[in-house]
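The values are calculated or read from the model by the stated rules, or taken from the named source; none is laboratory data. Owing to the predicted nature of the structure, the values given are computational and were not obtained by experimental measurement. All Cβ positions, even for glycine, are placed from backbone atoms using ideal geometry, and neighbour counts span all protein chains on display. Surface areas here come from the heavy atoms of the whole protein model, side chains and all, with no ligands, DNA or RNA. Shrake-Rupley method; radii C 1.70, N 1.55, O 1.52, S 1.80 Å.
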Amino acid sequence: MEKQEIRVFNQKELENIVQAFGEPRFKAKQIYEWIWQKGILDFELMTNISKKLREGLKEAYTFNVFTSSHIQESSDGTIKTGWKLQDKSMIESVIIPLPDENRYTLCVSSQVGCSLNCTFCATGKLKLKRNLTDFEIVEQFIQGNKKSNEAYGHNLTNIVYMGMGEPLLNYENVIQSVDKLTNPNGFGYSTRRVTISTSGIIKGIEKLIEDKIKVNLALSLHAPDDEKRTHIMPINKSNKIADLIDVLTRYYDQSKSKISFEYILFKDFNDTTDDARNLVKLTRRFPVKVNIIEYNYVEGVPYTKATEDRINSFAKQLVDNGVMTTVRRSRGKDIDAACGQLANKFR
Ligand code: SF4
């Protein structure tokens with residue numbers, strides 16, 4: 001019989017497993033801590049577990065550790081790693097170091113490919129193959145943290161769900177992975193260090209409200225009106241901007257978490273003074289930061305980067321209207337690790 005990956009189980013499920021071996025429930029907590037707090041992926045090293053239980057677990061369960069298919073380092077220090085999963089699917093994660101701010105951010109993938117087909121995105125061209133399991137998401141973190149220590153001598157400080165896939169269309173696994181990263185019996189990260197980036201799935205945000213989840217949310221807005229947004233993001237047909245603003249207002253009221261709008265500036269498409277004016281109107285219902293992002297060329301996509309003058313005047317118009325705004329220069333451009341570029345090499 002093929003051994004099963006142990007990390008698909010949460011603490012409650014581990015309790016059932018250890019009880020099936022005739023052991024007390026609290027052993028599950030110890031195993032959970034070995035795996036999710038200490039990052040130990042070998043039953044033999046779990047020294048406070050009886051030999052009988054260790055051997056029983058070893059016979060039935062395993063740890064399918066990722067193997068990297070490629071690692072690329074950008075001249076700005078960004079590191080992109082391609083991972084080969086058990087079923088030979090490929091995903092990517094990216095570490096973005098900002099040593100001056102003491103910030104080492106890992107961008108994780110949540111799906112293999114993506115079903116949403118945003119016209120400017122490399123991942124969208126791959127089509128969805130499958131959802132990642134929660135442990136496959138956390139494994140990117142475990143491996144990323146190792147890499148971050150090797151490369152920069154520093155633990156990861158922030159995790160963003162902004163790689164391949166739409167996290168809120170893989171809700172259960174994403175939330176389970178957030179739990180493992182933030183659980184005090186797990187990695188113990190503050191939820192303030194975790195950001196889920198979504199293209200705007202209203203049902204998913206409603207579920208976050210219902211489940212009382214408190215993570216930062218980044219909405220990939222990219223256009224300030226429905227006509228333009230639907231043109232580049234087909235998901236907008238069924239998730240209109242006004243409804244998104246309503247649900248985000250409710251999310252903010254309940255969680256008081258940080259919300260940001262991601263806005264890639266495309267030349268002569270969404271970079272006019274009218275666009276900036278319309279964008280300002282969307283920022284009045286809750287505190288929000290707008291991240292203006294430089295567009296990175298993706299092969300076969302009919303958009304180009306807004307000019308430097310336009311980027312600056314667009315940002316200035318927002319700031320002059322009291323909107324908290326940052327202009328994010330893309331990192332890792334030379335290795336296709338920048339926003340919207342993951343998966344370029346898999347096509
Ligand atoms: S931008 Fe995000 S949601 Fe859109 S296709 Fe790419 S990965 Fe999917």
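List of remarks:
- Some residue of the range 152-164 being assigned by TED's automatic domain parsing to the domain that holds Glu294, near the ligand (Cβ under 8 Å from one of its atoms) and touching a Gly at 6+ places or on another chain (Cβ under 7 Å): yes
- Scan of the range 119-130 for residues that are within 9 Å of the ligand (Cβ to nearest atom) and of a type outside the set (Phe, Trp, Tyr), ordered by number: Thr119, Cys121, Ala122, Thr123, Gly124, Lys125, Leu126, Leu128
- Restricting Ile205, Ile235 to those that are open to solvent by less than 40 Å² (accessible area, probe 1.4 Å), touching a Leu at 6+ places or on another chain (Cβ under 7 Å), part of a helix (DSSP H, G or I) and touching a residue at least 60 places away in the same chain (Cβ under 8 Å) reduces the list to Ile235.
- Picking from residues in the range 92-118 that are within 30 Å of Asn239 (Cα to Cα) and open to solvent by 40 Å² or more (accessible area, probe 1.4 Å), the one that is farthest from the ligand (Cβ to nearest atom) is Ser115.
- When the range 165-176 is filtered for residues that are modelled with pLDDT under 95 and more than 11 Å from the ligand (Cβ to nearest atom), only Gln176 remains.
- The set of residues in the range 129-149 that are part of a helix (DSSP H, G or I) and open to solvent by less than 10 Å² (accessible area, probe 1.4 Å) comprises Asp134, Ile137, Val138, Glu139, Gln140, Phe141, Gly144, Ser148.
- Any chance Lys240 is in contact with an Asp or Glu (Cβ under 7 Å, 6 or more places away or on another chain), more than 16 Å from the ligand (Cβ to nearest atom) and in the same structural domain as Glu172 (by TED's automatic domain parsing): yes
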